[in-house]
Every structure is written in C-alpha cells, then in structure tokens.
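Below: the structure, in structure tokens.
The numbers here are math on the coordinates, done by the rules we state, and not lab data. Model, not experiment: these values are computed from the prediction. No Cβ is skipped: glycine too gets one built from the backbone with ideal geometry, and neighbour counts run over all protein chains shown.
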Ligand code: ACM
Ligand code: ZN
C-alpha cells in the first residue's frame, strides 16, 4: 500500500513526465503571426551533413544563398546545395496549383524529425518560408558570428501562411537627414525579416535632394548640401547666410541606387522612389531656380519651413521638360510599378501671383490653383503612364480632380483613402494617427525630442487598414498599409531604429494578418523573443514601460 506522500510523489512524477516532454519542445514565437501553426512533439536538428535540396537551382539562387549564408554565418555548418538529397535536408520547391491556398507570397513549411520542406508558388513565398524557419530557430541564428554551444533545433510543425495585403510598406525620409548607403541595406534586411515588401524611398524634400541625376548635376552638387545647424531646434534654424559653407548632407550615386534595387529584389522588396512635386522643392530649386515662379535664388533649408511656398512653376514649359528628364532617369533606375510624385502641402501663393501660372489656368480653362495642381499631376501622370508605370501621390492629389490611373496614399486621416477606394482608385493607408512613427511612442518627457503627436505601440497594433464604410468590392482597392519615418528630428541610424522598432514590428502584423487573428497580449509575448533577435542583430529598439505611457 502506498502512503499518501508516495501517492503524491508518483502523481507528480507522472505529470512531470507528461509535461516535461512538451516543455522540451521549443515554444514557437513568430512575427508576423502565421495564418496556421500545427505543432507536434519533437524537433529537427541542424547538424553536420545537412543539405539544401532544390530541384531547380536557377529559379531560387537568391533564396538558396540567403538560407545557406545565414546558416553558415551563425552555426558554422556548411550545407551542400543539391538537386536531390538523402538524409537530413531542407528542401525548397516551387509548385504550381497552390495559388488558391498560398497566393503569390504565401508558403507552407513542414518540419519533421527528418526534414524541413518549404513549398510556395513563387520565389517570394520560398523567401518568407525561410524567414519563418529562422524564427523557429534560437535567436542566435541572426548572428553574423558563429555562436558556440547552441542547440540548433527546430520544432516539428506544419505552418501554412500568406499575407492579408500586397503592399506592406515602410517609408524612410532621407532628405531631412541623409542616411548612409550601408544603412539602406540594413533597412531592407530588417523589413524583409518582418515580411514587409515595399520600401518607399523619400528621396527629395526642401532640405536635400538625394539622388544623382546625370542630366542635372547641380541637383546633387548644390541640392544635396545644406549648412549644418544640427545644434539648433529644427524649427529655429536660420537659412544659409552669404559666405557660409553648405557641407552637411549627401546623396546616392546611380551605381548605389542600382545596388539598392538589386539587393531589394533579393529580399522580395520593391523600392518606390518619391520625387516630390510641385512643393517640397526648395532643394532642387536652389540648384535650378529657373523652374520656380519667381526665379529667386534659394538655398537648401537646414530646418523647418512653413508654409511650403517654394513650388515648381506650373506655367513654364521648361518645368515639365526638367521633371520629365528627371523622371526618365528615375524610371530607368527603379523597376517599380509605382512612381511616387509627392503632391502634399503645396501652398499656392506663388502660383496665385505668377503670370505664367495664371496664363496656364486661363489657357487650360481651369477653375483655380487646385485645378492647376491637378493639371500638373495629370500631365506628369501621362508621361509616367506612357513609360509603363503608374503614379502614386499623397492624398492632396485628390483635390481638383484625380488623375486617371493614380493611386493615393491616404495620410490626413482615412477620408482620402475612402474617397479613392469608392472611385475605383488603389489606395495605401498611412494615416498619421496610426502610421506616423516619427511621433512620440511614450510621454514626451521620457523620450528623445520628436516632432510631436503620440503613437504608442498598442495603437499602431490596433490599426485596421480597411476603413469602415467600404463595401467588399471597394475594400479590394486598399492595397495595404505603411509606416512612415519622417526624419526632421532623427539624424542617425541608431535613432531611426529606436523610433522604428518595435512599432514597425506591430505594423508588420497589421499588414500580414486579418483583424480577427490579432491579439496585442499575444503579440507582446512574442515580442520578447523578437527583442532577443534584435539584440543579436544589434538593433537598438525602444523599450517603453507602462509608467512611460500616457
Ligand atoms: C506628409 O506627411 N506631408 C505626407
Ligand atoms: Zn508660376
């Protein structure tokens, strides 16, 4: 007869035997959360002799190298790439007929004790399957140095996954502050880790022109440089004085741009370049004042300006020749379907006083300066469309009549997005209240100086890119969503990372999963593991405590 103490011990041992088996299986923690995860007991171990199996190497060269290089860097193993493997392997294969289940970017990932198998309908899906595979491994898989003593195991699991939206975006403003080319590669690698696929490159603004244009060298000789007033508040910086040297800034050469585009393709990212017009044009007009209404000489601004009155003249034919020449080079460099033409915040006071602009209004039988902006945008749209591309612009391009094939980026709330979707125009949702990650993420007194606003992590997470009031058909016009990092108050990569993570982490889930599957508490739990990955990668993210929130 067992006494009570022995009985309790026996029960405890049985319970432990049951639960210990489960406890030994790694906890799955993936961001963005996959659509379906079915975990079983057991693990697959990355170990010597492991092979990467891929039937058609040429179709998946980039994906295979991405997988092989990461395993090599972090574990020291050297997986051989073969057409057909026996034994332990990670196999990658593209299969037709799965489009209904996986779409264009989805994947299925099956891990057994013997093998890992990633299936997809496209290289993009294979790439995302690999990204998920990394997140099934210990965080040290993200290291660029071999970490000794790690048990490189992957839980036995079946994952089926695909994104909710086709446009999963991040915008970086490289005009207000210039960011080195080395950071642009990092930005894209970090985006890819979060399964984000659209990098909106804000290359032009009043405070700097950042892309080499061969036909107009002064754009970067003059337009890329300003006086250094970094010791002063953004909104209190005096313009350049006569005799002062403008030596703060920088730009990307066309060779660098081509390398960005090539790297982006390897990471399933499209770079959408933005060339602002008709406003936010002080930098190009400092280089070529003949394309403004007044022709007055200007200098690149070292800080804030309001309102934005330095516009391209819409009356001069030469303005359009200039912009079309610039766009010709931009289109040649960037293969994206969309070219962003800005369109925001144009104060029309110079247009009102300009004889050429007023003549244009009369000749084209336009009602007012808002219609003149529409004329401007529609003329540029025709040029871009004739070269096989489409324009996208900030929601001001709706005013005065929207160009025929234009897509809209809805930033001043959701009204612009709703209007676009209802009129059959594609829209990307990026309203300030949920998507402007230059805003404070905690009480201002606990944070580095920012532009203002208040956008804590949970609010980003709560965003639904499909605004209420759209029918099912209209909702299909919502391409997706995007977080924007304006950099008036952000001068370097470390600060940019601090503002971006983990709010972009939340945005990645907003773009990937459906609202019914969203759960902020669960996301917060998974964030703990994500932070370990960031630690390994050297990303300095923000940690906000409850008492720092409003
Ligand atoms: C914007 O924030 N001016 C688009
Ligand atoms: Zn004018």
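Between residue 181 and residue 96, what FRET efficiency comes out of the Förster formula 1/(1 + (r/R0)^6) with R0 = 41 Å and r the beta carbon distance, rounded to 0.05?
On the way: r = 38 Å, r/R0 = 0.93.
Plugging the Cβ-Cβ distance into 1/(1 + (r/R0)^6) gives 0.60.
Calculate the spin-label point distance for residue 379 paired with residue 297, positioning each point 7 Å from the Cα along the beta-carbon direction, and give it in nanometres.
Going from the residue 297 label point to the residue 379 one covers 2.8 nm.
May I ask you to sort 234, 486, 306 by Cβ crowding, counting other Cβ atoms within 10 Å and putting the fewest first? Before the final figure, lay out the partial values.
Working: 234 16, 486 21, 306 8.
Result, fewest neighbours first: 306, 234, 486.
Pulled fully out, how much extra length does the chain show between residue 258 and residue 328, if you take 0.36 nm times their separation in residues and subtract their Cα-Cα distance?
Working: separation 70, 0.36 × 70 = 25.20 nm, distance 1.48 nm.
Going from the current span to full extension adds 23.7 nm.
Helix 123-136 versus the longest principal axis of the chain: what angle, 0 to 90°, nearest 10, using Cα atoms?
50 degrees
Between the alpha-carbon centers of the range 384-419 and the range 423-494, tell me the distance in whole angstrom.
Cα centroid of the range 384-419 versus Cα centroid of the range 423-494: 18 Å apart.
Relative contact order of the chain: what whole-number percent is it, with Cα pairs under 8 angstrom and at least 6 residues apart? The partial results should precede the final answer.
Working: 1133 pairs, mean separation 73.5, N = 550.
Computed value for the chain: 13 percent relative contact order.
Quickly work out the residue 265-to-residue 545 label distance, labels modelled 7 Å from Cα along the C-beta direction, and quote it in nm with one decimal.
Those two pseudo-labels are separated by 4.9 nm.
Taking the Cβ of each residue in 201, 520 as the centre, tally the other Cβ atoms inside 10 Å and list the residues starting with the fewest.
Details: 201 25, 520 14.
The most exposed by this proxy come first: 520, 201.
Please give the helix 4-23 orientation as an angle from the longest Cα principal axis of the chain, in degrees from 0 to 90, rounded to the nearest 10.
With both axes taken from Cα atoms, the answer is about 40 degrees.
Using alpha-carbon pairs under 8 Å, 6+ residues apart, how would you state the relative contact order of the range 51-192 in percent? Before the final figure, lay out each step's value.
Values: 219 pairs, mean separation 32.3, N = 142.
Averaging sequence separation for qualifying contacts and normalising by length gives 23 percent for the range 51-192.
How far apart, in nm, are two points set 7 Å out from the Cα along the Cα-to-Cβ line at residue 454 and at residue 151?
The answer from the label model is 4.6 nm.
Show me 158-164, 488-494, 407-413 ranked by packing, highest mean number of other Cβ atoms within 10 Å first. Provide the component values of the computation, followed by the final result.
Working: 158-164: 20.9, 488-494: 17.0, 407-413: 22.7.
Going from most to least packed, we get 407-413, 158-164, 488-494.
Can you give the relative contact order of the range 123-212 as a percent, counting alpha carbon pairs under 8 Å and 6+ residues apart? Could the numbers behind the result be given before it?
Working: 72 pairs, mean separation 26.0, N = 90.
Relative contact order of the range 123-212: 29 percent.
Considering only DSSP beta bridges where both residues belong to the range 78-122, give the percentage that are antiparallel (nearest 5). Intermediate values should be presented prior to the final figure.
On the way: 5 of 11 bridges.
Of the beta bridges lying entirely in the range 78-122, close to 45 percent run antiparallel.
Going highest first, how would you order 29-38, 270-279 by mean Cβ packing within 10 Å? Before the final figure, lay out each step's value.
Values: 29-38: 18.5, 270-279: 23.4.
Packing order, densest peptide first, comes out as 270-279, 29-38.
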